[in-house]
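The values are calculated or read from the model by the stated rules, or taken from the named source; none is laboratory data. Note that this is a predicted model, so its numbers are computed, not measured. Positions of Cβ are generated from backbone atoms using ideal geometry, with glycine treated the same way; all protein chains shown enter the neighbour counts. Accessible surface areas use protein heavy atoms only, side chains included; no ligands, DNA or RNA. Shrake-Rupley method; radii C 1.70, N 1.55, O 1.52, S 1.80 Å.
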Amino acid sequence: MTRALHKGDVWAGAGAVFVKEIVDALRDRRTLAMVLVSSVLLGPLVLALLSSLVAGLEERAERRVVVAAGMEHAPTLRNFIERQTYRIEAAPPDYEARLKASTLGEPVLLIEPGFEAGLARGEAPSVAIVSDSSNRQAETGARRLQRLLDGFNRERGSLLLALRSVPAQLLQAIDVQDHDLANTRSRATQLTGMLPFFVIMAVLYGALNAALDTTAGERERGSLEPLLTNPASPMALVLGKWAAVVTVAMLIALLSVLSFLPARLLIQSETLRSLFVFGSAEAARFLLVLVPLAAGLSALMMAVAIRCKSFKEAQANNTAVILGVSLMPLVALFNQGGDEPWFAWVPALAQYTLMNRVLRGEALGTADVLVSLVVGLVLTALCLAFVARHLRSVAVR
């Protein structure tokens, strides 16, 4: 009976502290507004930038332009390029400098005199594709120009064989066909795979200010010690504060995730709009995946900040947490072997991996979701126990 009453007192005290901390968090309107606005605008901004990038690539592909120097020496090549519906433009005199400065977005096809005479003699005259690997636009165009020249080589070889009554098929021992196993949504994640990173950072920064203010902030203001004189137990105080921090973090996460829904209307590129599928079901899975991360990060940042005497000191000490969380998605990006089983055991990395699976349209594995949930609960329990023990020591002193 006494034990049940004690548990009831803990939860009642935690509820009272939760209400008090939520009210305090909402009073800091400047910080809250900055976090909310950044979270709401983040999704539309990222998608708008991606859309602008894809639209630019599509526009350059539709231009179908070949920039050439010395094209007057190769009328046969000119005829082939124009038959492929490409337009030929003369290269500017300073094309090398402009390629290095990235002010010229197309590679230059350089043709030396004697090209046509070499073809007539049955030789293989050389041409040069002048580009700059640091110029991304020109480097992309160089691959397209290489495929165009390969087509000229195949056509020229077929014509020469036909003149000698040799079937062109003799040059092809096998017929190669491409089969892409990636579905539409998997291809989209090559562009939208960074979105989960921004959602994770929104959760992190949403919890950061609240976690620091309820611990080091109260100590700096001198309100933590008087709070410990209340009848509520240290664990009730910790649970109430932690619940408020998690609520703020998940509110930011909710707004950040929901911002992707109307942001789809801002996508200019028809290709990206058709590839990027994100509806209410995907948003719900995102939030489900983020709950254990928000719980664990909130408790961890509170545990780091509780030993600090000022808000600024707690902010500096939590830099390691921020850096660690922000670097976790890079592990998945740089890993060329696909998702590893141990990813599910690492906070932030597990959430990044699971959210990308949602974007790819894959089903979330029950085991992976449970592992991330267990890890989040264990991290939360350990950190909250540490905070409660520290508060008890402060109360005794």
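So for segment 274-297 (the condition being closer than 21 Å to V17 by Cβ, in a helix (DSSP H, G or I) and of a type in the set (D, E, K, R)), does at least one residue qualify?
No, segment 274-297 contains no residue that is closer than 21 Å to V17 by Cβ, in a helix (DSSP H, G or I) and of a type in the set (D, E, K, R).
Going residue by residue through segment 72-90, is there one that turns out to be at pLDDT below 75 and out of contact with any strand residue (DSSP E or B) (no Cβ under 6 Å at 6 or more places or on another chain)?
Initial filter on segment 72-90 (at pLDDT below 75): none.
No, that holds for no residue.
Go through segment 77-113 and give me each residue that's in contact with a helix residue (DSSP H, G or I) (Cβ under 6 Å, 6 or more places away or on another chain) and not aliphatic (A, V, I, L, M).
Of everything in segment 77-113, those that are in contact with a helix residue (DSSP H, G or I) (Cβ under 6 Å, 6 or more places away or on another chain) and not aliphatic (A, V, I, L, M) turn out to be R78, F80, G105, E106, P107, P113.
Specify which of the listed residues (L330, L323, L373, L354) is touching a residue at least 24 places away in the same chain (Cβ under 8 Å) and open to solvent by 50 Å² or more (accessible area, probe 1.4 Å). Let's see the steps before the verdict.
Numbers: L330 fails: touching a residue at least 24 places away in the same chain (Cβ under 8 Å); L323 fails: touching a residue at least 24 places away in the same chain (Cβ under 8 Å); L354 fails: open to solvent by 50 Å² or more (accessible area, probe 1.4 Å).
From the options L330, L323, L373, L354, the qualifying one is L373.
Scanning segment 256-292 for residues that are open to solvent by less than 10 Å² (accessible area, probe 1.4 Å) and more than 27 Å from L349 (Cα to Cα), which turns out modelled with the lowest pLDDT?
Among them, the one singled out is S269.
Please go through segment 70-115 and give me each residue that is part of a loop (DSSP other than H, G, I, E, B) and open to solvent by less than 40 Å² (accessible area, probe 1.4 Å), ordered by number. Full working, then the answer.
Of segment 70-115, the ones part of a loop (DSSP other than H, G, I, E, B) are 70, 74, 84-86, 91-94, 101-107, 112-114.
Passing the criteria: G70, A74, Y86, A91, P92, L104, G105, E106, P107.
Which one of these is under 18 Å from the mean Cα position of the chain (by Cα) and assigned to a helix (DSSP H, G or I): F343, F386? Lay out the reasoning, then the answer.
Values: F386 fails: under 18 Å from the mean Cα position of the chain (by Cα).
The conditions single out F343.
Return only the number of the condition from (1) touching a residue at least 12 places away in the same chain (Cβ under 8 Å); (2) assigned to a helix (DSSP H, G or I) that C308 does not satisfy.
Every condition holds for C308 apart from (2).
Taking into account only those residues within segment 124-138 that are assigned to a helix (DSSP H, G or I) and closer than 18 Å to D94 by Cα, which is most open to solvent (accessible area, probe 1.4 Å)? Step through it out loud before you land on a result.
Initial filter on segment 124-138 (assigned to a helix (DSSP H, G or I)): 136-138.
With the extra rule that they be closer than 18 Å to D94 by Cα, the set shrinks to 137-138.
On the way: Q137: 83, A138: 0 Å².
The selected residue is Q137.
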